[in-house]
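Reviewing the structure listed below.
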Amino acid sequence: MSVQERTYIMVKPDGVQRGLVGNIISRFEQRGFKLIALKLVHATPEHLEKHYADLKGKPFFPGLIKYMASGPVVAMVWQGLDAVKTGRVMLGATNPLASAPGTIRGDFALAVGRNICHGSDAVESAEKEIQLWFPEGVVQYTNDNEKWIFE
Ligand code: UDP
Ligand code: MG
């Protein structure tokens, strides 16, 4: 766990279509995380197959790739204390029906195949996903708020 920990968060095509980008960004901003990369991208199936390589072979894999390639996504990197685990808590459970109200999926989604957002599940996968989506690198800058967020 570190103040410099980074996680890859993505608003999926349904989240973009439903106008939830601003709300999702606001939650990470308000919590105190620092935005260090952001772009809107309509990903190819090949790129998404790399992102979800661990799930290749699952029965839902073809449908997942089709869904994720159906429109643009918002790709982001957020940095801060325990960013990976806290990001997952903010997203809620994979199945929105099991997500607590107050989480992103628990507030905005019902179906596992339309769960509007992605978040890395471990520091190692976060670093892999950041490299895959932002091969150009992230943006380094000082945020003067940090002294009010961290001890
Ligand atoms: N998914 C699905 N059906 C399932 C399990 C997963 O459609 O039974 C989709 C869902 O969109 C999920 C994504 O595949 O977010 C990746 O699955 P994973 O187990 O990695 O869940 P996540 O890390 O997104 O919570
Ligand atoms: Mg996952």
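Helical content alone sets the calculated 222 nm signal of the chain at -10500 deg cm²/dmol, taking -39,500 (n - 2.57) per DSSP H segment of four or more residues and averaging over every residue.
Provide the net charge surrounding Ile104, with neighbours chosen by a C-beta distance below 14 Å and charges set as Lys +1, Arg +1, Asp -1, Glu -1. My count for the surroundings of Ile104 gives +4. Lysine pairs in the chain whose alpha-carbon atoms fall under 25 angstrom of each other, counting only those eight or more residues apart or on distinct chains, come to 28.
For Thr7, the shell of other residues with beta-carbons less than 9 Å away shows a net charge of +1, using +1 for Lys and Arg and -1 for Asp and Glu. Cβ-to-Cβ counts within 10 Å put Asp14, Asp121, Asp54, Asp144 in ascending order as Asp144, Asp54, Asp121, Asp14, the fewest first.
In this structure, the amide hydrogen of Tyr8, modeled 1.01 Å from its nitrogen in the peptide plane, lies closer than 5 angstrom to those of Ser120, counting only residues at least 5 positions away or on a different chain. Taking Glu127, Glu46, Glu29 as the candidate residues, the one with maximal mean-square fluctuation in a Gaussian network model of the chain, Cα springs under 10 Å, is Glu46.
Could you check how many percent of all C-alpha pairs in the chain are farther apart than 17 Å? Percentage above 17 Å: 61. Residue exposure proxy: Trp148, Trp78, ordered by other Cβ atoms within 10 angstrom of their Cβ from fewest to most, comes out as Trp148, Trp78.
Every number here is computed from the coordinates shown, using simple stated rules; none is lab data. From a predicted model like this one, the values you see are computed outputs, not experimental measurements. Methodologically, a virtual Cβ is constructed for each residue, glycine included, from the backbone with ideal geometry; neighbour enumeration extends over all protein chains shown.
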